[in-house]
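Student: Structure provided below as structure tokens; questions to follow.
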Amino acid sequence: MKLIVAIVNNDDSNVVASALTKENFMVTKLSTTGGFLMVGNTTFLIGTEDDKVERVKEVIRKHSMVRTHQSKTTESFGQGFSEGALGSEVTVGGATVFVLSVDSMSKY
Ligand code: 2BA
């Protein structure tokens, strides 16, 4: 069994969640924040069998768009951006996907 951790743009998250649940994958959606841009994104936890991992990745890839993010002067002060980078454009996503091996899963 695998645990897929997928970080997706908030604008794509509902479509990704619907597409996965329509194919009977079990999905947990977490509201998260990227450490660089310091803006909200969505992290999905998806537990599934090894042979389904590629299908999950395909569905996520299909519904996750690459975007450019124009940083605002009100975000990330002293964090991801140096002062000179404020107002610059950053390419974000589609999705960032990690696949982890799972020793066991239980439901009580
Ligand atoms: P953020 O950390 O807010 O990063 C947003 C985008 O900013 C990244 O897009 C990348 O294009 C750029 N970026 C991030 N860190 C950078 C740095 N140190 N120097 C220059 N540019 C940087 P993506 O790569 O598509 O990542 C989108 C979001 O996925 C990230 O949001 C973060 O929440 C997550 N993520 C990406 N790679 C990760 C990793 N290796 N570990 C954990 N989370 C990751």
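The values are calculated or read from the model by the stated rules, or taken from the named source; none is laboratory data. Being a predicted model, the structure only gives us computed values, none of them experimental. Virtual Cβ from ideal backbone geometry, glycine too; neighbours counted across all protein chains shown. Accessible surface is based on the protein model in full, side chains and every heavy atom, while ligands, DNA and RNA are left aside. Shrake-Rupley method; radii C 1.70, N 1.55, O 1.52, S 1.80 Å.
Student: From the residues S88, V27, S101, which one has its Cα farthest along the dipole of the chain in the positive direction, the dipole being from +1 and -1 charges on Cβ of Lys/Arg and Asp/Glu about the Cα centre?
Tutor: V27
Student: Let me ask something additional. Starting from the Cα gyration tensor of the chain, multiply each eigenvalue by 5, take the square root, and state the resulting semi-axes largest first in whole Å. Write down the numbers at each step before the final one.
Tutor: On the way: eigenvalues 185, 42, 24 Å².
Square roots of five times the eigenvalues give 30, 14, 11 Å.
Student: Also: Calculate for the chain the 222 nm mean residue ellipticity that helices alone would give, adding -39,500 (n - 2.57) per DSSP H run of length 4 or more and normalising by residue count, nearest 500 deg cm²/dmol. List each step's numbers first, then the result.
Tutor: Numbers: 2 runs with 24 residues, N = 108.
Counting only the DSSP helices, I get -7000 deg cm²/dmol.
Student: If you don't mind, there's one more thing I want to ask. Cα convex hull of the range 1-46: mean projected area in nm², to one decimal? Could the numbers behind the result be given before it?
Tutor: Values: hull surface 13.1 nm².
For the range 1-46, averaging the hull's shadow over all directions gives 3.3 nm².
Student: Related question: Probe radius 1.4 Å, ligands and nucleic acids ignored: give me the carbon and sulfur share of the accessible area of the chain as a rounded percent.
Tutor: 51 percent
Student: While we're here: Under a point spin-label approximation (7 Å from Cα along Cα-to-Cβ), what is the V90-T33 distance to one decimal in nm?
Tutor: Going from the V90 label point to the T33 one covers 1.3 nm.
Student: In nm, to one decimal, how far is the modelled label at F98 from the one at Q70, with both set 7 Å along Cα→Cβ?
Tutor: Each label point is offset 7 Å from its Cα along the Cβ direction, giving 3.3 nm.
Student: Relative to the longest principal Cα axis of the chain, at what angle does helix 10-22 sit, 0 to 90 degrees, rounded to 10?
Tutor: The angle comes out at about 10 degrees.
Student: Put a dot 7 Å past each Cα toward the Cβ at K62 and V5; how far apart are the dots in nm?
Tutor: It works out to 2.6 nm between the two label points.
Student: Could you give the accessible area per residue of the chain, probe 1.4 Å, as a whole number in Å²? Before the final figure, lay out the partial values.
Tutor: Working: 6930 Å² over 108 residues.
Spelled out: the 1.4 Å probe surface of the chain, per residue, equals 64 Å².
Student: With axes computed from alpha carbons, what is the tilt in degrees of helix 53-63 against the longest principal axis of the chain, rounded to the nearest 10 within 0 to 90?
Tutor: So the inclination is approximately 40 degrees.
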